[in-house]
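Notes for the one structure printed next.
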Amino acid sequence: MKKQIVVLPGDGVGPEVTAVAVEVIAAIGAKYDHALNIEYADIGGIAIDNHNDPLPADTLQRCQAADAILLGAVGGPKWSNPGATVRPEQGLLKIRAALGLFANLRPVKPYASLAHYSPLRADRVANVDVMIVRELTGGIYFGDRVESNELATDTCSYSADEVRRIVRVAGGLARTRRQHLVSVDKANVLATSRLWRNVTSEVMRTEFPDVELEHLLVDAAAMHLLQRPADFDVMVTENLFGDILTDEASVLSGSIGLLPSASINASGVGLYEPIHGSAPDIAGQGIANPYGTVASVAMMLRHSFGMTDEAATIETAIDQCLEAGHLTADLVRDDTALSTQQVGSALCAAIDAL
Ligand code: IPM
Ligand code: MN
């Protein structure tokens, strides 16, 4: 198979973790005889530096023409002074909107071999397997903003159609899993949440009668995710709540550096990225955790290319390397920690050997 992949390394640790992912892509291409071609483009702060634009037209064009996109991370203190009107994050929001990537899939399935790195008791984390489906192109992220020194306004709006299409994605996933969907909102306060709740109930009742639906308020959901994480199967929620809940859920696994994500549109084109940020505090040191980015490559192969065996090979290699204790400094805080690059070499060796 021949595929064109645009890699957007971005800022901070982004270039370090995507470098490992590119090695893994090469190892898979060689093993399975696929032409997985890589091209690079700028996004975020580096794109502001090089082109004065967090999403240059050239980057967007390449992404539109590609079979899939892999992103590292965007943002950093260099571009975050309060007066800045152009921000790295705008590049990411623009590409999500431009490609219509409305469905963000964030699986949280802590690795058994790392259970003792979770701040929760091992028995609470055992059997956790949650798929959080975050709406990604609507809500307060994309509403009108008014900003002055004395008053600021952000607008949250959702249409019924925006809710319907994300609930259909979540319902479809729940159907292939444990037939249980939790929809998270703040319907006791927000009008958008009442619309969300009504539309979700209607879609699930008429189109997914085989899937059990539960509604939770976001504050309670935040608590239940820590108290009884194993009870959740698929969760669906709006953009901002999903951003917050997925960072929270990542803690269950021991490190946010482990978690992958897929952002997909109606035609299956996807942008894949670890859920962590640019981590400017550790950027350039070669110590970032590349597992979340590599797991994102597995999601790319499965969702965008239908390469089930290849994806499984990556996931098995990840399991083996974690079991062998090939861990970065976010997990092991002593001199046994491996560098980003060393983890990459271990992963490629494991892939070759499988
Ligand atoms: C994420 C990030 C982004 C978001 C930022 C960088 C704009 O936190 O992908 O979760 O809030 O969506
Ligand atoms: Mn986030």
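Below are the figures for this structure:
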read-out	value
Label-point separation, Arg178 to Arg333 (7 Å along Cα→Cβ), nm	3.1 nm
For the range 119-253, convex hull of alpha carbons as volume per residue, Å³	111 Å³
Kirkwood Rh and Cα Rg combined as Rg over Rh, evaluated for the range 244-354	0.98
Principal semi-axes in Å for the chain [√(5λ), Cα gyration tensor, largest first]	30, 25, 21
Descending principal axes extents, the range 1-132, alpha-carbon based, whole Å	50, 46, 27
The range 119-253 - share of DSSP beta bridges that are antiparallel (%, nearest 5)	20 percent
Percent of C-alpha pairs per 10 Å bin, the range 1-77, short to long	21, 47, 26, 6, 0
Projected-area average for the range 53-202 over all orientations - Cα convex hull basis, square nanometres	13.0 nm²
Mean Cβ count within 10 Å, highest first, over the residues of peptides 295-307, 81-93, 7-19	7-19, 295-307, 81-93
Backbone HN-Hα couplings from phi across the range 139-152 [Karplus 6.51/-1.76/1.60, Hz, Gly and Pro as x]	x, 5, 5, 10, x, 4, 10, 10, 9, 9, 5, 9, 8, 9
Kirkwood hydrodynamic radius (C-alpha pairs) into Stokes-Einstein, the range 290-339, 37 °C and 0.692 mPa s, D in µm²/s	282 µm²/s
Residue among Asn37, Leu217, Ala73 farthest towards the positive dipole end of the chain, charges placed on Cβ	Leu217
Whole-Å distance, taken between Cα centres, linking the range 114-189 and the range 222-241	8 Å
Dipole-positive endmost among Gly139, Ile287, Ser267 within the chain (Cβ charges, Cα centre)	Ser267
Fraction of the pair-distance distribution of the range 137-193 above 14 Å, Cα-Cα pairs, percent	66 percent
Net dipole in debye of the range 119-253 [+1 Lys, Arg Cβ; -1 Asp, Glu Cβ; about Cα centre; nearest 20]	420 debye
Estimated 222 nm signal from helices in the chain, with DSSP H stretches of n ≥ 4 weighted -39500 (n - 2.57), rounded to 500	-13000 deg cm²/dmol
Geometric extent, Cα atoms of the range 249-305 - Rg, Dmax (angstrom)	12.5, 38
Debye, to nearest 20: dipole size of the chain, +1 on Lys, Arg Cβ, -1 on Asp, Glu Cβ	660 debye
Kirkwood estimate for the range 184-262, i.e. one over the average of 1/r between Cα atoms, Å	13.7 Å
FRET efficiency for Thr316 and Leu151, using Cβ-Cβ distance with R0 set to 51 Å, rounded to 0.05	0.40
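Here, each number is a calculation from the coordinates, and none is a lab measurement. These figures come from a predicted structure and were not determined experimentally. Cβ coordinates were reconstructed from backbone atoms using ideal geometry, including for glycine residues, and neighbour counts include every protein chain displayed.
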